[in-house]
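Asker: For reference, the structure I am asking about is given below.
The values are calculated or read from the model by the stated rules, or taken from the named source; none is laboratory data. Just so we're clear, the structure is a prediction, and the values are computed from it rather than from any experiment. Note: ideal-geometry Cβ built from the backbone for every residue, glycine included; neighbour counts use all protein chains shown.
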């Protein structure tokens, strides 16, 4: 008999506080929306209301990949299709639908009807793995991209990539001894979810000296160390292009990872949400699926989940919460359990599901909507590329800062030198040195300290998106430079 | 040293199967989308393709509260506002926005602009607790409904009610000894989530003899039995109006529950997603919040979460995944952890968030959109009321079936008599008797066996929504009656 159980948690005199919560929730951390962005939000609110005194008149949120909040234009075709869907229903067309149909290109109306005819009523729950039309569009995209077949039956439409990743991690972590290999630095969804599921994050380090490359030796070191501590390593997660590190993996690096998973019996999670965000022609994107299929001895054996999202690319439709997961070499019994898990959440937003289909099958040359689509896509792409270069050059010209120019994704992860004086000052505040540096900033750019993503002991970084509007970049650079120069003058290098 | 950990999970000769998965995922059940609905989906697909041989030419999905899939019309105002938002962006209006503005009532455009001006860009991540405009609209709705103040700071916008409920349960279940009291019958999100979190579901039975009422004696019996087994009972969940049972709780019953939670130190979860689905003027809806505030000795002490959703009511906008959670008497330290949890998922669909605001502040008398809104709302409401009555009368006229007429929600939960012959036959198939009965059906109505919701030992039920279109109800009743008569003729009563 557990005596404690017989006592109520609360009495009239007590308050229910965090002490009583799930300890895994207490431990989980998600710095991208942590203390520093929350404080920046308060400052932005103060500035809006005209209260407080700050040496700047706005805050730029470079902490999170949220393009449309920084004035990136949505792509018109996707929005027009969704407006038609908003005015459609199972019972027939609303009066206004016909009127707006006349305003829009013909391919917009055709696409909307395709969703409607295959269960894509955006006001109704869909099947838990998603509407058929979009899953077919995703499968066609993947087979065209890879040159290997893909099936709509292998696709789940998810609430962003995050939901798919979280559900797979939850399924994998069978007990508190299970380990999942994650890169360091990593996107903190991984560490947070592994903590929530009471599993073990097994760190492998990306090689900053080699432009954040993955090394097979490091994978071997990492798994051996974990097994030596009794960890039951079951899976490996890769983010390619990297977040926060911005590197595109070479084909050879991907092959190494796949062979490693095959040799070690690991399930592979490939987070490929930045697959269209690649800026260096010598470093093209290779999907894990295509490389897997090209290695005969791994092709049918390595279980692979790959993830994609509406939130990144040139769409930046973060607020939709749309994404997909493709399953390769996943046993039927596992699929059934993942479908059951998805069904407990019912389904992802159906408008988001429709947009996932459109992302994968956008207008093509010859379609009425193609010219505008192409113009919008290209303008965003070229601008991202320019901004990445400009910000990265600027960081490299500041004292105490060095930055690997990104070949992909939406982030810079510059390294900052923090002197022992600065580190001692942070220790007195009870903060990680880089967290203290980021929270001390008196420029107007909100960034996330490297400790929120993980970094080699003794090194310090921050993550900064290159999403601020082009017209703001020069001012932003001046502001960060002024802060950095003052910092170095105060604390030394 | 755990030897097993040193061996890889897979080798080239092995396959990764369900045996290796998280055992809590394997145990979780969600019958609303379980084996019977999946089979019905296959039959519907066969009928669509013209393959197979069935004694009917369509399937009606009465397994799930999904109104728009059964031809319920969406409410035009909400859809028009979202169409305008689809064609808006931070960078200015798209060319077509101005054109569609001219088609729509003025209050549609004003409302869309209100969301845009408060962070409601539907393509961008919002704050993790949701956009301010909608949280303010929710708070105004609650204070008008209850006559007690409500604050936007106490509101989280969530991906349906489900996400809020799951996050609160996950936070509560600190270890495998923690129990949460849930009604039997219940909506299986509760049992599934408690299983996933490795907590203990503590059952309290609703009283079918008294129209599914809650009894204080039963609550006391239940908590005593659980504590006697060493369970650390920390929370109590109530669904009002009931799912699957359709009852509206009296004010007195609600007071009893609140006092019980106060006496026993329990956190209270009030699932109030059917708060506008009430069909009996003598049984109006009382919110737990309003009753809590009216009891001086509980008003400031009982921690209460209440949940609402876009998916039910007269909207039936299930595919949006929109809802809200209000926190009353919840400590700041708990709120911070729930905000952190929400931030790991980033945010709920922003279009859904906007619609939650509209649900709470629909057009008012005098607004240009009010007459149509009111006509649509009333037509759906009256039709639901008629369908509930008609189906419930029909069930009560069938041999071996009895049904409490619902005063709320969207479901009937008729009791069926299954003879010992029928029970033996089910046992031979390895199925629960009601699951076998439901899966044997040769009518065209897909329903969910009572065992998916829980029921008193030795009683059998099924859940049937009253959402099928009115023109289908007579045919549906004939089909169910024919099946039921044949069943009774075969197996007796």
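Asker: In region B:397-407, which residue that is surrounded by fewer than 16 Cβ atoms within 10 Å (Cβ to Cβ) and within 12 Å of residue B:480 (Cα to Cα) is modelled with the highest pLDDT?
Answerer: B:397
Asker: Identify the single condition in (1) more than 12 Å from chain A (Cβ to nearest Cβ); (2) crowded, with 24+ Cβ neighbours inside 10 Å that residue B:133 does not satisfy, given that it satisfies every other one.
Answerer: Status for residue B:133: all satisfied but (2).
Asker: Additional query: If you check A:161, A:166, A:171, which single one turns out to be in a helix (DSSP H, G or I), under 23 Å from the mean Cα position of the chain (by Cα) and more than 10 Å from chain B (Cβ to nearest Cβ)?
Answerer: Result of the check over A:161, A:166, A:171: A:161.
Asker: Continuing with the same structure: Residue check, residue A:78 against (1) facing chain B (nearest Cβ under 7 Å); (2) under 27 Å from residue A:161 (Cα atoms); (3) part of a helix (DSSP H, G or I), all met but one. Which one?
Answerer: The number of the failed condition is (1).
Asker: Any residue at all in region B:106-115 that is more than 24 Å from residue A:95 (Cα to Cα), assigned to a helix (DSSP H, G or I) and at pLDDT 90 or above?
Answerer: Yes, there is a match, as at least one residue in region B:106-115 is more than 24 Å from residue A:95 (Cα to Cα), assigned to a helix (DSSP H, G or I) and at pLDDT 90 or above.
Asker: Can you give me the number of residues within region B:45-62 that are closer than 26 Å to residue B:384 by Cα and either in a helix (DSSP H, G or I) or more than 11 Å from every other protein chain (Cβ to nearest Cβ) (or both)?
Answerer: The qualifying residues number 6.
Asker: Just checking, which of A:303, A:284 is over 21 Å from residue A:68 (Cβ atoms) and within 12 Å of chain B (Cβ to nearest Cβ)?
Answerer: A:303
Asker: Looking only at region A:380-395, count every residue that is within 26 Å of residue A:142 (Cβ to Cβ) and either buried (at least 18 other Cβ atoms within 10 Å of the Cβ) or assigned by TED's automatic domain parsing to the domain that holds residue A:106 (or both) and tell me the total.
Answerer: 2
Asker: Looking only at region B:370-389, decide whether some residue is in contact with a strand residue (DSSP E or B) (Cβ under 8 Å, 6 or more places away or on another chain) and at pLDDT below 95.
Answerer: Among the residues of region B:370-389, at least one is in contact with a strand residue (DSSP E or B) (Cβ under 8 Å, 6 or more places away or on another chain) and at pLDDT below 95, which makes the answer yes.
Asker: Conditions: (1) touching a strand residue (DSSP E or B) at 6+ places or on another chain (Cβ under 9 Å); (2) within 14 Å of chain A (Cβ to nearest Cβ); (3) at pLDDT 85 or above. Residue B:42 meets all but one. Number of the miss?
Answerer: Condition not satisfied by residue B:42: (1).
Asker: With the requirement that a residue be at the interface with chain A (Cβ under 9 Å from one of its Cβ atoms), touching a residue at least 24 places away in the same chain (Cβ under 8 Å) and over 15 Å from residue B:320 (Cα atoms), what does region B:81-119 give you?
Answerer: Selection gives B:84, B:88, B:89, B:90, B:104.
Asker: Given (1) surrounded by fewer than 17 Cβ atoms within 10 Å (Cβ to Cβ); (2) closer than 24 Å to residue A:162 by Cβ, identify the lone condition not met by residue A:366.
Answerer: (2)
Asker: Another one. Quick check: anything in region A:310-327 more than 14 Å from every other protein chain (Cβ to nearest Cβ) and part of a loop (DSSP other than H, G, I, E, B)?
Answerer: no
Asker: Here is a list of conditions, (1) at the interface with chain B (Cβ under 7 Å from one of its Cβ atoms); (2) modelled with pLDDT of 90 or more, and residue A:2 meets all of them except one; can you say which number that is?
Answerer: Every listed condition holds for residue A:2 apart from (2).
Asker: Could you grab me the full set of residues in region A:339-357 that are surrounded by fewer than 24 Cβ atoms within 10 Å (Cβ to Cβ) and more than 7 Å from chain B (Cβ to nearest Cβ)?
Answerer: Within region A:339-357, just A:339 meets the criteria.
Asker: Regarding region B:23-35, can at least one residue be identified that is outside the structural domain of residue B:432 (by TED's automatic domain parsing), outside any helix (DSSP H, G or I) and modelled with pLDDT under 85?
Answerer: no
Asker: Moving on to the next point. Being under 20 Å from residue A:491 (Cα atoms) and outside the structural domain of residue A:241 (by TED's automatic domain parsing) is the requirement here; does residue A:404 meet it?
Answerer: No.
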